[in-house]
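Following: one structure in structure tokens, then a few remarks.
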Ligand SMILES: Nc1ncnc2c1ncn2[C@@H]1O[C@H](COP(=O)(O)OP(=O)(O)OP(=O)(O)O)[C@@H](O)[C@H]1O
Ligand SMILES: [Mg+2]
């Protein structure tokens, strides 16, 4: 049966329908501008507008409504990876609430919590080897409001997961691949996730993204938003274009991101002495900026690759197999709930 993966971004809404599984069979992929500029509504008026917007996307493209999968932006969740002595499932279930209180800054009565064991020590391993557990917390009322948007359209979402997990699944990073820093950029936020030995090690989140680049061009070169967007996409970091002015305006904004990348790499190196980040994988619309891959490669000195999340997919795969589709691809690749 067909499923629908929806990635409601602050810039565009991405939707892919198709047969889910490790090898997705794409039926339809659509990207539409999000005039609301928000992905999670905060008040009644916005809820109503988002309901109308999603309804039109689904009806216009005849998307299925039975298996709808959603991603939650990292900006509204708190993601932590904690270490614990090895516990059984039952022991973990009773300890997790208290652990969440220690690590997630949301009062228990308002907390909607999901957790997942990332690493469980082998039976024969030493007693001090710890288990690692992923905690994802969000405000209950926010999740309820978000789900209500879909319920009011007669849709009961089958899956709601934080988007960085979808992104990582779509990249299909194997256990023996080198330590990889995944950078998921959107219009208004950016997440970094370290994946080592096929396992998520930490996630960080910043409130900046592609929009900050456009705004820098608007202010400093005095351009209208539409024009700034065009200059960004066409000239990017090319020093030969527009007397290098576009590049000169964009690089200080990108350097802030580079600073965060360095911090993440140092944090990882401190956690794992002797191991270093060897690869950066870029995901999300802003990573299509001309010259970005070369710039990061030169600044960081690691291998930099752009995600191609639908390379295993068959069917109506969108042209270009862009890194904008990672969230939808990951949602459709999930096999167990
Ligand atoms: N070819 C391109 N070159 C440079 N920037 C691009 C290009 N294509 C898209 N972008 C930028 O990518 C951003 C949109 O990316 P994306 O669709 O991943 O964001 P979003 O999911 O809507 O945002 P968020 O996840 O932050 O809510 C916009 O800022 C847009 O200007
Ligand atoms: Mg996004």
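Residue 127 fails exactly one of the following numbered conditions: (1) loosely packed, with under 15 Cβ neighbours inside 10 Å; (2) assigned to a helix (DSSP H, G or I). What is the number of that condition?
Answer for residue 127: the failing condition is (2).
Every residue, every condition in (1) touching a strand residue (DSSP E or B) at 6+ places or on another chain (Cβ under 9 Å); (2) outside the structural domain of residue 108 (by TED's automatic domain parsing), yes or no:
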residue: 30; (1), (2): yes, yes
residue: 37; (1), (2): no, yes
residue: 41; (1), (2): no, yes
residue: 50; (1), (2): yes, yes
residue: 55; (1), (2): no, yes
residue: 61; (1), (2): yes, yes
residue: 88; (1), (2): no, no
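Scanning region 37-46 for residues that are away from ligand 1 (no atom under 11 Å from the Cβ) and assigned to a loop (DSSP other than H, G, I, E, B), which turns out modelled with the lowest pLDDT? Don't jump to the end; show me each part of the working.
Initially, region 37-46 is screened for residues away from ligand 1 (no atom under 11 Å from the Cβ), giving 41-46.
Still in the running and assigned to a loop (DSSP other than H, G, I, E, B): 41-43.
Details: 41: 90, 42: 84, 43: 87.
Top of the filtered list is 42.
Could you grab me the full set of residues in region 276-309 that are away from ligand 2 (no atom under 16 Å from the Cβ) and in contact with a strand residue (DSSP E or B) (Cβ under 7 Å, 6 or more places away or on another chain)? Walk me through how you get there before you give the answer.
Initially, region 276-309 is screened for residues away from ligand 2 (no atom under 16 Å from the Cβ), giving 276-280, 290-305, 308.
Selection gives 277, 278, 279, 280, 293, 296, 297, 300, 302, 303, 304, 305.
State yes or no: is residue 71 in contact with a strand residue (DSSP E or B) (Cβ under 8 Å, 6 or more places away or on another chain) and assigned to a helix (DSSP H, G or I)? Before the answer, list the steps.
On the way: in contact with a strand residue (DSSP E or B) (Cβ under 8 Å, 6 or more places away or on another chain): yes; assigned to a helix (DSSP H, G or I): no.
Criteria not met by residue 71.
Is region 47-68 home to any residue that is touching a residue at least 60 places away in the same chain (Cβ under 8 Å), away from ligand 1 (no atom under 16 Å from the Cβ), assigned to a strand (DSSP E or B) and touching a helix residue (DSSP H, G or I) at 6+ places or on another chain (Cβ under 8 Å)? Let's see the steps before the verdict.
First pass over region 47-68, keeping only residues touching a residue at least 60 places away in the same chain (Cβ under 8 Å): 47, 50-51, 54-55, 58, 64-68.
Now narrow it down to the ones that are away from ligand 1 (no atom under 16 Å from the Cβ): 47, 51, 55, 58, 64-68.
Checking the rest, the ones that are also assigned to a strand (DSSP E or B) come to 68.
Still in the list and also touching a helix residue (DSSP H, G or I) at 6+ places or on another chain (Cβ under 8 Å): 68.
Yes, some residue in region 47-68 is touching a residue at least 60 places away in the same chain (Cβ under 8 Å), away from ligand 1 (no atom under 16 Å from the Cβ), assigned to a strand (DSSP E or B) and touching a helix residue (DSSP H, G or I) at 6+ places or on another chain (Cβ under 8 Å).
Would you mind telling me which numbered condition in (1) more than 16 Å from ligand 1 (Cβ to nearest atom); (2) under 24 Å from residue 199 (Cβ atoms) residue 77 fails?
Only one criterion in (1) more than 16 Å from ligand 1 (Cβ to nearest atom); (2) under 24 Å from residue 199 (Cβ atoms) is unmet by residue 77, namely (1).
I'd like to know if region 133-145 contains one or more residues that are at pLDDT 95 or above and within 16 Å of ligand 2 (Cβ to nearest atom).
Looking through region 133-145, none of the residues is at pLDDT 95 or above and within 16 Å of ligand 2 (Cβ to nearest atom).
Tell me, yes or no, whether region 250-268 has at least one residue that is closer than 13 Å to residue 183 by Cβ, free of Cβ contacts under 8 Å to residues at least 40 places away in the same chain and within 16 Å of ligand 2 (Cβ to nearest atom).
No, the conditions are met nowhere in region 250-268.
Taking the options 156, 177, name whichever one is surrounded by 15 or more Cβ atoms within 10 Å (Cβ to Cβ) and either within 16 Å of ligand 1 (Cβ to nearest atom) or assigned to a loop (DSSP other than H, G, I, E, B) (or both).
On the way: 156 fails: surrounded by 15 or more Cβ atoms within 10 Å (Cβ to Cβ).
After ruling out the rest, the residue left standing is 177.
In region 1-34, what residues are over 24 Å from residue 143 (Cβ atoms) and part of a loop (DSSP other than H, G, I, E, B)?
Matches in region 1-34: 1, 2, 21, 22, 23, 24.
Can you name the condition, by its number, that residue 317 falls short on among (1) over 18 Å from residue 165 (Cα atoms); (2) touching a strand residue (DSSP E or B) at 6+ places or on another chain (Cβ under 7 Å); (3) assigned by TED's automatic domain parsing to the domain that holds residue 177?
Result: residue 317 passes all but (3).
Considering only region 7-28, how many residues are more than 8 Å from ligand 1 (Cβ to nearest atom), closer than 19 Å to residue 164 by Cα and surrounded by fewer than 20 Cβ atoms within 10 Å (Cβ to Cβ)?
2
The values are calculated or read from the model by the stated rules, or taken from the named source; none is laboratory data. Given the structure is predicted, the values throughout are model-derived calculations rather than measurements. Here Cβ is always computed from backbone atoms with ideal geometry, including for glycine, and neighbour counts include all displayed protein chains.
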